[in-house]
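*Asks:* Attaching a single structure in structure tokens format; questions to follow.
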Amino acid sequence: MANTVDARGLSCPQPVLMTLDEIKAGNVDEIVVMVDNEASKENVSRAAQSKGWKLKNIQEKDGIYHITIGKE
């Protein structure tokens with residue numbers, strides 16, 4: 001089961017910091033991050049990959065991006 005980080009309505013760097021905090025917690029192999037702007041989508045994806053996590057999927061629905069990342 002994936003944990004969810006709801007960073008809608010927040011501007012960078014807050015979504016990145018929230019994602020990195022969830023990665024550091026280390027209790028899941030998959031995280032879904034919800035953001036509502038293109039810059040946050042790109043920055044969260046890049047930050048996760050820099051920590052060795054794989055970008056599994058990005059889905060956009062009604063202006064909300066659901067970014068699924070997982071441990072490699």
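Since every read-out is calculated from the coordinates, none of them should be taken as a lab result. As the structure is a prediction and not an experimental result, all values here were calculated from the model. Quick reminder, even Gly has a Cβ in these numbers, built from the backbone with ideal geometry, and neighbours come from all protein chains shown.
*Asks:* Return the only residue of Ile69, Ile64 being in contact with a helix residue (DSSP H, G or I) (Cβ under 6 Å, 6 or more places away or on another chain) and touching a residue at least 24 places away in the same chain (Cβ under 8 Å).
*Replies:* Details: Ile64 fails: in contact with a helix residue (DSSP H, G or I) (Cβ under 6 Å, 6 or more places away or on another chain).
Answer to the selection: Ile69.
*Asks:* Collect the residues in region 45-72 that are of a type in the set (S, T, N, Q) and either under 16 Å from Pro13 (Cβ atoms) or loosely packed, with under 15 Cβ neighbours inside 10 Å (or both), keeping them in residue-number order.
*Replies:* So in region 45-72, the residues of a type in the set (S, T, N, Q) come out as 45, 49-50, 57, 59, 68.
Those that are of a type in the set (S, T, N, Q) and either under 16 Å from Pro13 (Cβ atoms) or loosely packed, with under 15 Cβ neighbours inside 10 Å (or both): Ser45, Gln49, Ser50, Asn57, Gln59.
*Asks:* With the structure loaded, tell me whether Lys41 is touching a residue at least 12 places away in the same chain (Cβ under 8 Å) and under 9 Å from the mean Cα position of the chain (by Cα) or whether it fails that test.
*Replies:* The answer is yes for Lys41.
*Asks:* Tell me which residues, restricted to region 13-44, are surrounded by 15 or more Cβ atoms within 10 Å (Cβ to Cβ), more than 17 Å from Asn3 (Cβ to Cβ) and of a type outside the set (D, E, K, R).
*Replies:* Within region 13-44, Asn37, Ser40, Asn43 qualify.
*Asks:* A further question follows. Restricting to region 20-62, name every residue that is of a type in the set (Gly, Ala, Ser) and under 17 Å from Glu72 (Cβ atoms).
*Replies:* The first filter runs over region 20-62 and keeps only residues of a type in the set (Gly, Ala, Ser), leaving 25-26, 39-40, 45, 47-48, 50, 52.
Listed by number, the residues that qualify are Gly26, Ser45, Ala47, Ala48, Ser50, Gly52.
*Asks:* Filter region 1-58 for residues that are farther than 13 Å from Ile69 by Cβ and part of a strand (DSSP E or B) and give the result.
*Replies:* Asp6
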